[in-house]
1. Quick test of your reading of the structure: Gly60 fulfils all but one of (1) at negative phi; (2) modelled with pLDDT of 80 or more. Name the failing condition by number.
2. Would you be able to tell me the number of residues in the range 60-117 that are of a type in the set (A, V, I, L, M, F, W, C), within 26 Å of Asp139 (Cα to Cα) and more than 12 Å from the chain's Cα centre (by Cα)?
3. The conditions are (1) in contact (Cβ under 8 Å) with a residue 40 or more places away in the chain; (2) surrounded by 18 or more Cβ atoms within 10 Å (Cβ to Cβ); (3) within 15 Å of Ala70 (Cβ to Cβ), and Arg125 fails exactly one of them. Which is it?
4. Select from the range 48-62 the residues that are surrounded by 13 or more Cβ atoms within 10 Å (Cβ to Cβ) and without any contact (Cβ under 8 Å) to a residue 40 or more places away in the chain and write down the one among them that is farthest from Leu104 (Cα to Cα).
5. Which of (1) within 25 Å of Asn163 (Cβ to Cβ); (2) exposed (fewer than 13 other Cβ atoms within 10 Å of the Cβ); (3) not hydrophobic (A, V, I, L, M, F, W, C) is the odd one out, the single condition Pro67 does not satisfy?
Amino acid sequence: MEKPNPTGDDPGVQDPASTNTAGPDAAGRPIDGIALHETPGHLLRRAQQRAVDLFVQAVGEQGLRPPQFALLLAAWQNPEANQSELVRITGIDRSTAADMITRLAGRGLIRRVRTEADGRANRLRVTAEGVAALEAAADRVARAQENIVAPIPAGQRAQFLKNLSLIADLPDPPAGSRPPGLRPAGSRPAGSRPDSGTNREGG
């Protein structure tokens, strides 16, 4: 005959304290040595959150979001690029870029133009309204970029950006693309002009 358990506990149930997996213990599990605030992934995510917050503060709640600005700017600087090329240039995943292009087109900021070489492919042309949106945001975006790197000593910023580029694995710019940055308002390369939104190429 089994003797009664003096504690009143079920002898078949282990004490939760003996199987607790929360928190570090004397065994020195691998997870005990992870310093979250020293991991590159966590720091990059936090930095990205901060960068987006500063961008939105500068541009405004109703303004372009960082991926929208990046996509429009890439399309403006690479007027012969199709959707796949813009995905490569910006690093925005294909499905997100497709949805973003549809939304931007719905706002009249960009439009698809069929290429003569391949009727199934579309070039993405920034409209006059899209150029105006980019130029309206340009100074504010530049200020946001300055605010993002403000905590870094001025003498270390160039190296910081080089290191970020190594992590981001940025692609080489396509041949013939415009240099980074927006041209002054009203300035266009010789022989080119913003698309007013009227289809001149049969697309």
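The values are calculated or read from the model by the stated rules, or taken from the named source; none is laboratory data. Keep in mind the model is a prediction, meaning the values are calculated, not measured. A quick note on method: Cβ atoms are made from the backbone with ideal geometry, for glycine too, and the neighbour counts reach across all protein chains shown.
1. (1)
2. The qualifying residues number 14.
3. Of (1) in contact (Cβ under 8 Å) with a residue 40 or more places away in the chain; (2) surrounded by 18 or more Cβ atoms within 10 Å (Cβ to Cβ); (3) within 15 Å of Ala70 (Cβ to Cβ), only one is false for Arg125: (3).
4. For the range 48-62, the residue satisfying everything is Asp53.
5. Going through the list (1) within 25 Å of Asn163 (Cβ to Cβ); (2) exposed (fewer than 13 other Cβ atoms within 10 Å of the Cβ); (3) not hydrophobic (A, V, I, L, M, F, W, C), Pro67 breaks only (2).
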